[in-house]
Amino acid sequence: MILTSYIFRQTSRSVFISTSVFLGVIWLSQSFKSIKLIIEKGADLTDFFILSFFSLPSWLLIALPLGTFAGCMISYLRLQNDKEIIVMKSAGFSPFKISKPALLVALVCSLILFIISHFILPETYRNFKKLQNEIRNNNQEFILKDNNFIDINKNQTIFIGKMRNSNNLEEIFIQDRTDNLYLVEYFSKRGNLNIGEAINLMMIEGTRISTDKKGRSTLLSFDNYNITIQKDKKSFAPRVIEYNEHSFFELIKKAEKNLDKRGKLLAEAHTRNTIIFMPIIFTLIVMLTILKEQYSRILISYKKTLAIGIVFVVQSLVIILKNAVHTDTFFVPLMYLFPISILTVCFIFLYTRENIYKSSFY
């Protein structure tokens, strides 16, 4: 019991660190889209972190199985390098008994994946898409930048030389093409901006130039000039509801009604169940490759390569089966049969090795 608790703690720590690393990598690769959206629409930095928080469950569905695999491998390779596994075997511990702590960790990770995929993911992903849509369609999408011409609407363009802050501007130029008879241009040294339903700009110390179609210009100097600019009012199409926003039973019901997308809906629904097998499968692969009787540094490199290769093949076949269901629902049972078969074979090999070990020991 003490030994099991010791290995369990070591493996849990390694799995947590490995999963955190994978999460960090996924976060960096996926956050660029959110950052671009935040910058373009002028949203707050807190919105970026909220978007990341809502995306966390969907990232965990990828990171946790891989983190379980990497954490178990790191933990048991450390035990192997420190000769602790050799000592355990000499003390009469079978491979299956040595594997128990890692399998317990894998079961916990599978339970977490089940809770996330069935209860947490639909809600958080729905909130993610809602917030993303709100930011994208935000009324405050008029964003000013230094040394950039901004089309406020189809008839008006603004240029700001310097921005002291979001309200105080310098070196302002506005071109107004609203009147078909005159082209009106405004220049001012500085101004104060207020953005609401309309854009209210108080221009200070400037000139107004009105030019007709014949090229004749009228110039007016002013100390203060208030200009109101209307933003384009855009109509936005209803947001498309994605599969991750539905629960398992909602996906099944939609699959019965929507025959055109039945395969995709069923594939997404049953993936919520089959994904829970991955941490256990990956852990068993680690146990079967690491817990061999022989020990050498060359064999350790071989074991790591073999385990990574098997996991890559298994994960690829799972993805292929899911894509196959998109076109033919005949493959739905195989989505369950394939991981269950791998689990069965792995447990048989581990149990067989345990019996061989016991017979040789006694």
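Checking the stated criteria, Leu321 turns out to be under 21 Å from Phe114 (Cβ atoms) and modelled with pLDDT of 95 or more. Filtering the stretch 172-196 to residues that are within 41 Å of the chain's Cα centre (by Cα) and among the polar types (S, T, N, Q) leaves Asn192, Asn194. Residues in the stretch 261-300 that are part of a helix (DSSP H, G or I), open to solvent by 60 Å² or more (accessible area, probe 1.4 Å) and either at pLDDT below 90 or farther than 30 Å from Leu121 by Cα (or both): Arg297, Ile298.
Output yes when any residue across the stretch 39-61 is out of contact with any helix residue (DSSP H, G or I) (no Cβ under 9 Å at 6 or more places or on another chain), at pLDDT 95 or above and part of a helix (DSSP H, G or I), and no when none is. No, the conditions are met nowhere in the stretch 39-61. In the set Ala106, Ala43, Ala102, Ala63, only one residue is open to solvent by less than 40 Å² (accessible area, probe 1.4 Å) and touching a Pro at 6+ places or on another chain (Cβ under 8 Å); that residue is Ala106. Scanning the stretch 322-355 for residues that are open to solvent by less than 80 Å² (accessible area, probe 1.4 Å) and either closer than 11 Å to Thr274 by Cα or among the acidic types (Asp, Glu) (or both) yields Lys322, Asp328, Val332, Leu334, Met335, Tyr336, Phe338, Pro339, Ile340, Glu354.
The values are calculated or read from the model by the stated rules, or taken from the named source; none is laboratory data. Everything numeric here is computed off the predicted structure, so don't read it as measured data. Glycine gets a Cβ as well: all are built from the backbone with ideal geometry, and neighbour counts include every protein chain shown. Note: areas computed on protein heavy atoms with side chains; ligands, DNA, RNA excluded. Shrake-Rupley method; radii C 1.70, N 1.55, O 1.52, S 1.80 Å.
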